[in-house]
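> Okay, here's the structure, questions in a sec.
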Amino acid sequence: MIYFDAAYIAKCYLNEPGADKVIALAERSDGLCSCEFGRLEFFSVLHRHLRQGHLAKRHISRVVKNFELDEKEGVWHWLPVTSGLLRDICARVGDLPKDVLLRAGDALHLGCASENGFKEIYTSDSYMLACAPHFDLAGINVL
């Protein structure tokens with residue numbers, strides 16, 4: 001099982017640069033995982049593409065249908081975001097050196113992956129990749 005952030009989740013369904021590499025990685029895995037927040041971020045990515053005119057509503061409907069089919073078939077495993085998880089992440093963020101740039105959503109993914117026993121997180125986000133070691137994770141970008 002491997003942990004994807006929302007950028008990699010989107011590449012599994014959208015024709016974006018590097019999608020072929022992310023899909024190949026996903027196909028080699030025995031399952032894909034993210035926190036529940038990643039699901040929301042994915043739908044926000046779809047909405048951004050609609051708003052910017054990159055995708056038509058009918059295309060997004062097909063993407064959502066494929067995504068939901070993958071969910072039903074057990075491709076995606078969603079980790080819960082709990083109060084305890086958020087408290088643990090807050091403590092980790094509080095211990096970071098002052099020069100570390102970390103956004104809340106990135107902290108949530110990193111903390112969720114770490115707290116659930118993952119050793120690696122897959123993302124193309126340079127800030128998340130840089131912060132991964134602070135959460136005892138290896139940040140991996142296959143792009």
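The values are calculated or read from the model by the stated rules, or taken from the named source; none is laboratory data. Given the structure is predicted, the values throughout are model-derived calculations rather than measurements. All Cβ positions, even for glycine, are placed from backbone atoms using ideal geometry, and neighbour counts span all protein chains on display.
> Within segment 33-44, track down each residue that is closer than 14 Å to T123 by Cα, surrounded by fewer than 22 Cβ atoms within 10 Å (Cβ to Cβ) and not acidic (D, E).
C33
> From R28, R39, R48, grab the single residue that is basic (K, R), without any contact (Cβ under 8 Å) to a residue 40 or more places away in the chain and farther than 28 Å from F135 by Cα.
R48
> Can you work out which of the residues in segment 96-117 that are outside any loop (DSSP other than H, G, I, E, B) and of a type in the set (D, E) is surrounded by the fewest Cβ atoms within 10 Å (Cβ to Cβ)?
For segment 96-117, the residue satisfying everything is E115.
> Still on this structure, please answer the following. Please pick out the residue among A56, A26, A19, A6 that is surrounded by 12 or more Cβ atoms within 10 Å (Cβ to Cβ), over 19 Å from K119 (Cα atoms) and of a type in the set (A, V, I, L, M).
It is A19.
> On the given criteria, is S126 farther than 13 Å from A6 by Cβ and small (G, A, S)?
Yes, satisfied.
> Give all pairs with beta carbons closer than 9 Å in which a residue from segment 66-80 that is within 20 Å of F118 (Cβ to Cβ) meets a residue that is part of a strand (DSSP E or B) and among the hydroxyl-bearing types (S, T, Y); count only pairs at least 6 apart in sequence or on separate chains.
W76/S34; H77/S34; W78/S34; L79/Y3; L79/S34
> Here's something else I'd like to know. Looking at this structure, is D88 closer than 25 Å to S29 by Cα, acidic (D, E), part of a helix (DSSP H, G or I) and at pLDDT 95 or above?
no
> Let me ask another. Considering only residues that are part of a helix (DSSP H, G or I) and not aliphatic (A, V, I, L, M), which ones fall in segment 118-143?
S126, Y127, C131, P133, H134, F135, listed by residue number.
> Given the conditions (1) closer than 24 Å to Y127 by Cβ; (2) modelled with pLDDT under 95, and given that N15 satisfies all but one, which numbered condition is not satisfied?
Result: N15 passes all but (1).
> Taking the conditions exactly as written (under 17 Å from F42 (Cα atoms), part of a helix (DSSP H, G or I) and in contact with an Asp or Glu (Cβ under 8 Å, 6 or more places away or on another chain)), does D70 satisfy them or not?
In short, no.
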